[in-house]
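Trainee: Quick one: structure below, then a few questions.
The values are calculated or read from the model by the stated rules, or taken from the named source; none is laboratory data. None of the values given here were measured: they were computed from a predicted structure. Backbone-built Cβ (ideal geometry, glycine too); neighbour counts: all protein chains shown. Keep in mind that these areas ignore ligands, DNA and RNA; they rest on the heavy atoms of the full protein, side chains included. Shrake-Rupley method; radii C 1.70, N 1.55, O 1.52, S 1.80 Å.
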Amino acid sequence: MTTIAVVGAGNGLGAAVARRFGAEGFAVALVSRTLAHVEELAAGLRSGGTAASGFEADVRDTASLTVALRAAHEELGPVEVLQYSPIPAQNYLRAVGETTSADLAEAVAFSVVGLATSVEAVLPGMRALGRGSILLVNGGSAVRPRLAVTGTSVAFAAESTYGALLHEGLAADGVHVGQLIVPGAITPGHPTHDPDVLATRLWSMHAGRERFREFAEAMDS
């Protein structure tokens, strides 16, 4: 059995992805800053027959993130799929004139350094398997900067560039890297932004292993 590790797991998209990949036979590692929360989600998955565990880590704390992902490998099996989708903090969502250098440094640590740390932790296992997927989920500011959300506009753009380089550089190892852009809010019941709909898109990205970037819905030019 191989594992999907969901970094930034929550009740919405993370839980939906866990259910979708669990139904396909994956074990599920749920990584969050709040251990009690992901343990509750994992218990629900186990009750439905999916091997699952929760792990505590803050993506800005590289040591805790590495420990969590290595523990997931040891407990559940090698990580074949990494989904990186932590929710940005409110101080990343300020207007450009209110965004400090410290805000930007923290946003980049959150979006880029945390992702790089996660990749370092799971990539040896993917290479040993000869396959894997790294799936990024970002808002529309990743491709269209917005003055009102400067931190994510800068950090998501950097994450996008890093992801695109990984997409090109890891293909020879059998590792697919893809990014799903979700403009606007993830909304239950929405035809394109419902968590279960997005989870199916992410499953298709893993299974299809095609282009780097996909959109939950088209963005106006």
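Trainee: With only Lys, Arg, Asp and Glu charged, each at its Cβ (+1 for the first two, -1 for the last two), find how big the charge dipole of the chain is about the Cα centre; round to the nearest 20 debye.
Mentor: In debye, rounded to 20, the chain gives about 280.
Trainee: Using only Cα atoms and rounding to the nearest 10 degrees, what angle (0 to 90) does helix 35-47 make with the longest principal axis of the chain?
Mentor: 50
Trainee: When the distances between all Cα atoms of region 1-144 are binned every 10 Å from zero, what whole-number percent does each bin get?
Mentor: P(r) for region 1-144, in whole percents per bin: 12, 43, 31, 11, 2, 0.
Trainee: What is the percent carbon and sulfur in the accessible area of the chain, measuring with a 1.4 Å probe over the protein chains and ignoring ligands?
Mentor: The nonpolar share, carbon plus sulfur, comes to 55 percent.
Trainee: Along the charge dipole of the chain, which of N11, L202, V119 sits closest to the positive end, that is, farthest toward it, with unit charges on the beta carbon of Lys, Arg, Asp and Glu (+1, +1, -1, -1)?
Mentor: Farthest towards the positive pole: L202.
Trainee: Ranked from the most accessible area to the least, with a 1.4 Å probe and all protein chains present, what is the order of I186, I87, I4?
Mentor: Per-residue accessible area, sorted high to low, gives I87, I186, I4.
Trainee: Determine the dipole magnitude for region 156-221: charges of +1 sit on the beta-carbon of Lys and Arg, -1 on that of Asp and Glu, nothing else is charged, the reference point is the Cα centre, and the result goes in debye to the nearest 20.
Mentor: Here region 156-221 has a charge dipole of around 100 debye.
Trainee: In whole Hz and in residue order, list the ³J(HN,Hα) couplings for region 93-100 that follow from phi through the Karplus curve 6.51 cos²θ - 1.76 cosθ + 1.60, θ = phi - 60°; x for Gly and Pro.
Mentor: For region 93-100, the Karplus-derived couplings read 10, 9, 5, 4, x, 9, 8, 8 Hz, x marking Gly and Pro.
Trainee: In whole Hz, what ³J(HN,Hα) sequence does region 203-219 give by Karplus (6.51, -1.76, 1.60; θ = phi - 60°), x for Gly and Pro?
Mentor: Karplus values, whole Hz, x for Gly and Pro: 4, 5, 5, 5, 6, x, 6, 10, 6, 6, 10, 10, 10, 4, 8, 5, 9.
Trainee: To continue, here is another question. Whole number in Å², please: accessible area per residue of region 1-144, 1.4 Å probe, ligands, DNA and RNA not counted.
Mentor: Averaged over the residues of region 1-144, the accessible area is 41 Å².
Trainee: According to the square roots a ≥ b ≥ c of the eigenvalues of the Cα gyration tensor, what is the shape class of region 109-221, taking rounded for a/c under 1.5, prolate for a/b larger than b/c otherwise, and oblate for the remainder?
Mentor: Since a/c reaches 1.5 but b/c is at least a/b, the shape of region 109-221 is classed as oblate.
Trainee: Okay, next question. For region 167-221, which trypsin sites (Lys or Arg not before Pro) pass both filters: DSSP loop (anything but H, G, I, E, B) and at most 11 other C-beta atoms within 10 Å?
Mentor: R211
Trainee: Right, next: Separation of region 1-77 and region 112-184 by C-alpha centroid, Å?
Mentor: After rounding, the separation between the Cα centres reads 19 Å.
Trainee: If you don't mind, there's one more thing I want to ask. Please list, ordered by chain and number, the residues whose modelled amide H lies under 5 Å from the amide H of R33; skip anything fewer than 5 residues away on the same chain.
Mentor: Placed amide hydrogens put A57 under 5 Å from R33.
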